[in-house]
Each structure stands twice: as C-alpha cells, then as structure tokens.
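Below: one structure, written as structure tokens.
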Amino acid sequence: MKKALAIIFTLAAVHNVTAQTAPDFSVTDTDGVTWNLHNQLAQGKTVVLDFFYVDCVPCQGQSPEVAIMYDEYLAAGADLLVLGISNRDDDAEVEQFDLTYNITYPTAGTEGGGDTITELYQSWFQFFGWPSYGVVCPDTTINWGILPSVPGVPEIRTAVDVCLGTSSITEQSSMNQFVRFKEESVEIISDQVA
C-alpha cells in the first residue's frame, strides 16, 4: 500500500505542474527573430511552449493542431505566442517540418538554441516524451505537463483560456472541482496509510 501511495504522489507531482515560475530564455527562430520568454510575458502575451522534433510521429499529428489553435486565437485578437522548440534538428529540418505540417508559429532548432532551452526545461520539469507542452501565463506561472488530445488540443486551449482570463465560469468551476477532488483523494489515501 505504501508503494502505491508513493506512486500516486509521484505521478500527481510530476504530471501537471502549475503556479511555478517558468525559467526565462531567449531563442532564435528559423527566420532569425529572437524571442525572449519573459519579455513576451511582460507584453501581456500567453506563451505556449511546444517541445518537438521532426521525426516524432506524435509531434507530426499534434503540432498541426496547435497551429490551427494558434491561428484561431490570433484571428480572435488574443495575445498568444506559440514557440516550437527542437533540441535535435537544425533550422533546415525544422523549416521543412513547418512546410510539411503547415506550422504557422515560430519554431527553432539547435542553431537557435533549441537544444539549450530543452536542457534547461528538462532540468526543471519532467518530460514524459515528445511532444511536451507548457503554457506560460503573463505572470510567468507555467502549466507544465499538458497531454493534449487530438483533434483540437482542448487541454492546451483550456490552459491558454485560463491565462487569458477568457475561460468560462463553468470551465473554471470544473477545474476547481477537479483540483479539490484530487486534494481530497490524496487526503483520504494518506488517512488510510498508518
């Protein structure tokens, strides 16, 4: 029973991290534009971090969905930026990925610092594989470990909406109930261990 409890606590701790300050970085995209995370946040933007690589089959399915989401939010006037970050592909490979999968947001490979940034984030957060996503709010808090479903990446959209302050009361109420349920479950489980 104690092993099961330890596993539950570990999964809860590393699966989805919120309310922690996102480490700052600068990355140069394939167009030569340098983006600094905290500068973008200071301008009121919400930033989605998409850690990917070009031969990653799940990335090939999810990144186009993230691009659709990005385009929809921009069309609606949202202050949103998505940064695609690859730790193993050069700019030419990333550019080809962008063309093949219709990626419309800025992306960076190793030449732009993608490897260094991925290393930084791996030292702070658990990567369960690729792609890995984080949504950073303008106050620098990060929602890390989002496992989106396709189509539509609703889990990323919900995190973005919370940062933008545009999620509905029903969505926020449901999220709060889920958090309370998880906290109560952990308390109940911990009460059973003696």
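Since every read-out is calculated from the coordinates, none of them should be taken as a lab result. Keep in mind that this is a model prediction, so the values were computed, not measured. Cβ: placed from backbone, ideal geometry, glycine included. Neighbour counts: every protein chain shown.
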For ASP139 and VAL57, FRET efficiency with R0 = 35 Å and r from the beta-carbon atoms, rounded to 0.05? 0.50
To two decimal places, what compactness ratio does the stretch 23-76 give when its Cα radius of gyration is scaled by 2.2 N^0.38 Å? 1.28
Expected vector for the stretch 59-73, Karplus 3J(HN,Hα) from phi with 6.51, -1.76, 1.60 and θ = phi - 60°, integer Hz, x for Gly and Pro, equals 5, 5, x, 8, 4, x, 5, 5, 4, 4, 4, 4, 4, 5, 5
Taking r as the C-beta separation of ALA76 and GLU155 and R0 as 25 Å, the FRET efficiency to the nearest 0.05 is 0.85
Residue span THR166 to GLN96: 0.36 nm per residue of separation minus Cα-Cα distance leaves a gain in nm of 21.8 nm
Vicinal HN-Hα couplings computed from phi for the stretch 90-99 (Karplus, 6.51 cos²θ - 1.76 cosθ + 1.60; Hz; Gly/Pro x): 7, 4, 4, 5, 5, 4, 5, 4, 4, 5
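Once Rh for the stretch 83-174 is found with the Kirkwood sum over Cα pairs, what is the Stokes-Einstein diffusion coefficient at 20 °C and 1.002 mPa s, in µm²/s? Provide the component values of the computation, followed by the final result.
Values: Rh = 14.7 Å.
Estimated diffusion coefficient is 146 µm²/s.
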Could you give the length gained on full extension between ASN36 and THR116, defined as 0.36 nm per residue of separation minus the Cα-Cα distance, in nm? 27.4 nm
Between LEU147 and PHE127, what is the spin-label point distance in nm, taking each point 7 Å from the Cα along the Cα→C-beta axis? 1.8 nm
